[in-house]
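Read the structure below first, then the notes.
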Amino acid sequence: MDALPSDTGMAFVFVSHLLPTAHSQLAQILSRHTKMPVLVASTVMPIRANHVYVNPPNADLLIESHTFKVVSPRTGKNKQVDLFFTSLAEALGARAIGIILSGYDSDGTEGCKRIRAKGGTTFAQDLSADVNGMPLSAQASGCVDFVLSPQEITLELARISRRFRPLPLSKKAGKEPKSTLPFDPLIFLAKIGAGHTIANYRKNQKVFSQGDPADDIFFMQHGKVKLTVVSSKGKEAVVGILGTDDFFGEGCLVGQPRCMATATAMTNCRIVRLEKAQVVQVLHDEPDFFKLFLFHVLTRNIRLEEDLVDQLFHSSEMRLARVLLLLANFGNEAKQERVIAKISQETLAEIIGTTRARVSFFMNKFRKLGLIEYNGGLKIHSSLRKIILHD
């Protein structure tokens, strides 16, 4: 908690296994490590942003209508996390986040499955856990998005929180001006409801192939995907790189019968498949939301066009710099990643349309100039942008 900002806009709930007769000191302990208020949850207590809550002993903690519900005595031993996560998933859907830390048995695993089914995000502590029964059980179920140390979980939560920050209200009637409303993919997924499925893709696994039936739209929750096309003569070209919060496959909405490109995971990815009929229904029923969705997709298309122009007219060195900055999400502070996933020089050469030898030459040049670093991952410095600005 020490490293977690106190203004993330999130509420944090600690559910621990307590003996029915125990007098927990957890609230007092946590209050020494955060500036946020720390409270013991009670029935009908409203859940507020930038607050920390802990469960009372001998009770199950649930969420109902954005308030807590305490059921005492508890219904079973070591099931408190599953029960809370299940109610959290029902209450918040795609905005729910479940974190499994040190603990015995498998409590939390079923709850993580419920959160994932509703489009939420799940974490499990890595091997740093003193008692790894709960984290390992959740990981083995395949329902965990991130396996990280507590410190790394804190950093990821801070990044995710930037997507959830509330907008300032207008002065009239406390309503948000329509012109300032952003497109929120999480709200979109919630509107789609049951018309979506979530799948994890391994690095280099194909999401779909060129020529496959175009029946669904896809949404990137985590990771990166490349789009490639193959000409009638067998020549392959990379036409786009997509990352978190990007949609692809939307051509089916205008009657495109076949996929025009192949989508392949560049990293381990979590991707939501949206049924075309459900998407069409939501966009038809809510014209204002349709405008936001259209703006979101067109903005991505403009970026892809810029990338293609860059490939056609600029030097290999500049194209490589642009791709590295794109992979690190520079220009988008909410998604910026200074250290990007491991990517081979062969893949970079394929993306920018040059040879591996040229990529190796420019990467060494960037490193000597202090623009990038190799340290278990590839660290990108903002100074790399000068390659583009002064080309």
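Among the listed pairs 77/113; 35/379; 113/276; 35/113; 233/291, those whose Cα-Cα separation exceeds 29 Å are 35/379; 35/113; 233/291. Close amide H partners of residue 51, meaning residues 5 or more places away or on another chain with modelled amide H under 5 Å apart, are 12. Residue-wise HN-Hα couplings along segment 284-298, as the Karplus relation 6.51 cos²θ - 1.76 cosθ + 1.60 with θ = phi - 60° gives them from phi, are 6, 6, 10, x, 5, 5, 4, 4, 5, 4, 4, 4, 4, 6, 5 Hz; Gly and Pro carry x.
Sort segment 1-149 into rounded, prolate or oblate with this rule: let a ≥ b ≥ c be the square roots of the eigenvalues of the Cα gyration tensor; rounded if a/c is under 1.5, and if a/c is not under 1.5, prolate when a/b is larger than b/c, oblate otherwise.
It comes out rounded by the Cα gyration axes.
Rg/Rh for segment 1-68 stands at 0.96; both radii use Cα atoms, and Rh follows the Kirkwood definition.
Converting phi to 3J(HN,Hα) with the Karplus coefficients 6.51, -1.76 and 1.60 and the offset θ = phi - 60°, segment 202-208 yields 7, 4, 6, 7, 7, 7, 7 Hz in sequence order, with x at every glycine or proline.
Here's the list of aspartates and glutamates a cross-link from residue 79 could span, going by alpha-carbon distance under 19 Å and ignoring same-chain residues fewer than 8 apart: 60, 64, 90, 105, 107, 110.
Please give the net charge around residue 134, taking every other residue with its beta carbon less than 15 angstrom from that of residue 134, where Lys and Arg add +1 and Asp and Glu add -1.
Net charge around residue 134: -3.
Express in whole angstrom the spacing between the alpha-carbon centres of segment 255-288 and segment 101-133. Here the answer is 29 Å between Cα centres. Check which residues have an amide H placed less than 5 Å from residue 207's amide H, if you skip close sequence neighbours. When sequence neighbours closer than 5 places are left aside, the close amide H contacts are 263, 264, 265. Between residue 152 and residue 205, residue separation times 0.36 nm minus the direct Cα-Cα distance comes to 16.4 nm.
Rounded to the nearest 0.05, the FRET efficiency derived from the C-beta distance between residue 22 and residue 268 at R0 = 56 Å is 0.90. In plain terms, the C-alpha convex hull of segment 55-94 casts an average shadow of 2.7 nm² when viewed from every direction.
Full extension of the chain between residue 105 and residue 39 gives 21.1 nm of extra length, using 0.36 nm per residue less the Cα-Cα distance. Phi angles across segment 230-239 convert, under the Karplus curve 6.51 cos²θ - 1.76 cosθ + 1.60 with θ = phi - 60°, into 3J(HN,Hα) values of 10, 6, 5, 8, x, 7, 9, 9, 7, 10 Hz, Gly and Pro given as x. Rounded to two decimals, the Cα-based Rg/Rh of segment 239-297, with Kirkwood Rh, is 0.97. Amide H contacts of residue 214: 258, 259, each under 5 Å away and 5 or more positions distant or on a separate chain (H built 1.01 Å from N in the peptide plane; Pro and chain starts excluded).
Only the coordinates and a few stated rules stand behind these numbers; no lab work does. Computed from a predicted structure; not experimentally measured. Cβ: placed from backbone, ideal geometry, glycine included. Neighbour counts: every protein chain shown.
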